[in-house]
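Have a look at the structure below before the remarks.
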Amino acid sequence: MKTQTRREFLKTLGVMAGSASALSILPGCETIGRAVRGTRKRPNIIFIMTDDHASHALSCYGSKINKTPNLDRLAKEGMLFTNSFCTNSICAPCRAVILTGKYSHLNGVIDNRKKFDGTQQTFPKLLQQVGYETAMIGKWHLKTDPTGFDYWNVLPGQGSYYNPAMKEMGQRKKYTGYTTDIITDHCLKWLKERNADKPFCLMYQHKAPHRQWEPGPKYLNMYDDVTIPEPDNLFDDYSNRGRAAKEQDMSIAKTMTRRDLKLIAPGNLTPEQKKLWDAAYNQKNDTFRKANPQGKDLVRWKYQRYIKDYLRCIASVDDNVGRLLDYLEKSGLAKNTIVFYTSDQGFYLGDHGWFDKRFMYEESLRMPLMVRYPREIEPGSVNEDIVLNLDFAPTFLDLAGVTKPEDMQGRSIRPLLRSKAPKDWPTSMYYHYYEYPAVHSVKRHYGVRTKRYKLIHFYHDIDEWELYDLKKDPREMKNVYNDPAYAGTVKQLKVELQRLRRKYKDTD
Ligand SMILES: [Ca+2]
């Protein structure tokens, strides 16, 4: 239940702290309670979500590989959460949890193959009922058309990075340009044209930086002359881990395709491919030019190709979020508008030798979360409590003055925003991933995470347990499930796991 300042947080990361002025305390926060909420204009809500943006690629989280000055504004002027997690680390399921405030097994979207049942209760519908104007613009990815929105304009399926088709209130239209810019253009247009008499809720959702990481024209050559630092476990051999980590199919070494890399990877090329590769690579000054790297050098080469494109996509997101924040300032909306920034889950940036997500391991379990709301949040604050995507719907309803329906499973984080964590705030979280057998071959698993430990059970065609001591082993390189020193911890966590499964009605 501890709130620390951004300065303290960055100090623990060994990063230069922000300016002292960012840490000043807003007056008047104490007066905002239910009693006066009726007399105040209801707040607007802007929910910004990207796809696969890991928190370790945000400078406000201490990124060692990029800078995100506009996204950092939200942390500097609002609150940054250091223990924000998703309950099922994959695109469509996470989105369904956010809309419904219910775990995957109850909202029906357990994996990316299931269709979202749009007739069920969602927070946008509940906001509509109390007079909010609602809009959903950008990546939707739930297979059925959006419901609960006065306006929607979404990418079909995954959508494309360039010249996207979009479906506007059921009508398909084609646009010219870079999708990250276009989605933002639509949001700004909607903000300008909406009914100004009503409070609004806008879901502004980017496709970027999802695979295959196609950068916008402005950033095609960003990072050309630099080498991005590698994670310390890029060459993880998965010793001390179980079959799940060993048998996945999401490694930079083996899984990355020519389309991911936008070039045939060197190494073992046919003469025909070698000719193509040389032709493409002769155009650039690169250490590996004509070197035809093999083994670890080839993995390093692929990592650079991958991570640079991933970060270039994020640079455009950062620019565009800046455009939106500037508009809020200029239009006078900033003060009464809550801005959330998150991503549908984290991602492996070469960590453990991987890309993609799915596992309950830290890099994909974590969601970035920054929230700005000048009326209630002390600028530059940092919260360490465990919060989930499950909590977003109850939070939006709370902020709009709507009572949470009984069947929503999350909890409003509004008290945390006001730095008043309730004494009974959860100290553990429950996770369940289902999509197997499927692309990337990540085995089914469920588990519990506390501040210090993580217990995971892999099942289906396997029956293996893993335990990580996150204090001693934050990179999760050693499964200590069978270490006798942890027998008591295992026993306690199994009890907690069963309690959470009962609490959330997960009987699978
Ligand atoms: Ca995703």
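If I take every Cα pair under 8 Å that is 6 or more residues apart in region 111-227, average their sequence separation and divide by the length, what percent do I get for the relative contact order? Write out the running numbers ahead of the final one.
Details: 172 pairs, mean separation 29.1, N = 117.
Normalised by residue count, the contact order of region 111-227 is 25 percent.
Pop out the ³J(HN,Hα) list for region 386-402 in order, Karplus 6.51 cos²θ - 1.76 cosθ + 1.60 with θ = phi - 60°, rounded to Hz; leave Gly and Pro as x.
Values per residue, Gly and Pro as x: 7, 10, 10, 4, 4, 8, 5, 4, x, 5, 4, 5, 4, 5, 8, x, 9 Hz.
If you look at just the Cα atoms of the chain, how large are its Rg and its Dmax in Å?
Every Cα atom of the chain included, Rg and Dmax give 22.6, 76 Å.
How are the alpha carbon pair distances in region 292-439 distributed across 5 Å bins from zero to the largest one, expressed in percent?
Pairs per bin, as whole percents: 2, 7, 13, 16, 16, 15, 13, 9, 5, 3, 2, 1, 0.
Find how many whole Å separate the alpha carbon centroid of region 389-456 from the alpha carbon centroid of region 355-380.
After rounding, the separation between the Cα centres reads 12 Å.
Highest mean first, how do 494-500, 449-455, 149-155 rank when packing is the count of other Cβ atoms within 10 Å averaged over residues? Spell out each step's value before the answer.
Numbers: 494-500: 15.0, 449-455: 18.7, 149-155: 21.6.
In decreasing order of mean packing, 494-500, 449-455, 149-155 become 149-155, 449-455, 494-500.
Output needed for region 433-503: three equivalent-ellipsoid semi-axes, defined as square roots of 5 times the C-alpha gyration tensor eigenvalues, in descending order, whole Å.
Working: eigenvalues 89, 47, 25 Å².
Taking √(5λ) for each eigenvalue gives 21, 15, 11 Å, largest first.
Which of rounded, prolate or oblate describes region 229-385 when judged by the alpha-carbon gyration tensor and an a/c cut-off of 1.5? Mind showing how you got there, number by number?
Working: a/c = 3.50, a/b = 1.70, b/c = 2.06.
Since a/c reaches 1.5 but b/c is at least a/b, the shape of region 229-385 is classed as oblate.
May I ask for the percentage of alpha-carbon pairs in region 65-202 that lie more than 27 Å from each other?
On the way: 2670 of 9453 pairs.
That tail contains 28 percent of the Cα-Cα pairs.
Sorted by packing (mean other beta-carbon atoms within 10 Å per residue), highest first, where do 158-167, 310-319, 325-334 land?
On the way: 158-167: 16.8, 310-319: 24.2, 325-334: 14.4.
Result, highest mean Cβ count within 10 Å first: 310-319, 158-167, 325-334.
Where the convex hull is taken over the Cα atoms of region 317-380, what is its projected area averaged over directions, in nm²?
The orientation-averaged projected area of the Cα hull of region 317-380 comes to 5.7 nm².
Taking R0 as 35 Å, what FRET efficiency do you get between ASP225 and LYS335 from their Cβ-Cβ distance, rounded to the nearest 0.05? Numbers along the way, then the final one.
Numbers: r = 42 Å, r/R0 = 1.19.
Taking R0 as 35 Å, the efficiency between ASP225 and LYS335 is 0.25.
So what is the 222 nm mean residue ellipticity for the chain from helices alone, if each DSSP H run of at least 4 adds -39500 (n - 2.57) and you divide by all residues, rounding to the nearest 500 deg cm²/dmol?
Numbers: 15 runs with 147 residues, N = 508.
After summing the helix terms and dividing by the residues of the chain, the value is -8500 deg cm²/dmol.
Pull up the DSSP beta bridges for the chain and report the antiparallel fraction as a percent, rounded to 5.
Values: 35 of 63 bridges.
Taking every DSSP beta bridge within the chain, about 55 percent pair in antiparallel fashion.
How would you rank 62-72, 248-258, highest first, on the average number of other Cβ atoms within 10 Å across their residues? Intermediate values should be presented prior to the final figure.
Numbers: 62-72: 18.8, 248-258: 16.6.
The most tightly packed comes first, giving 62-72, 248-258.
If contacts are Cα pairs under 8 angstrom and at least 6 residues apart, what is the relative contact order of region 433-503 in percent? Display every interim value, and only then the final one.
On the way: 87 pairs, mean separation 14.0, N = 71.
Here the relative contact order equals 20 percent.
Of LYS102/LYS330; LYS167/LYS275; LYS218/LYS357; LYS139/LYS505; LYS423/LYS471, which pairs sit farther than 32 Å apart, going by alpha carbon to alpha carbon?
Details: LYS102/LYS330 37 Å; LYS167/LYS275 42 Å; LYS218/LYS357 28 Å; LYS139/LYS505 30 Å; LYS423/LYS471 23 Å.
Exceeds cut-off: LYS102/LYS330; LYS167/LYS275.
Once amide H atoms are placed 1.01 Å from N in the peptide plane, what residues at a sequence separation of 5 or more from PHE85, or on another chain, have their amide H within under 5 Å of its amide H?
Close amide H contacts, sequence-distant or interchain: MET367, VAL387, LEU388, ASN389.
Out of all Cα-Cα pairs in region 303-343, roughly what percent, to the nearest whole number, are more than 15 Å apart? Please list the in-between numbers first.
On the way: 446 of 820 pairs.
Counting every Cα pair in region 303-343, those more than 15 Å apart make up 54 percent.
Each value in this text was obtained by applying a stated rule to the coordinates, not by laboratory testing. In this text the structure is predicted, and so the values were computed from the model without any measurement. Here the Cβ is made from the backbone with ideal geometry for all residues, glycine too, and neighbour counts use every protein chain on show.
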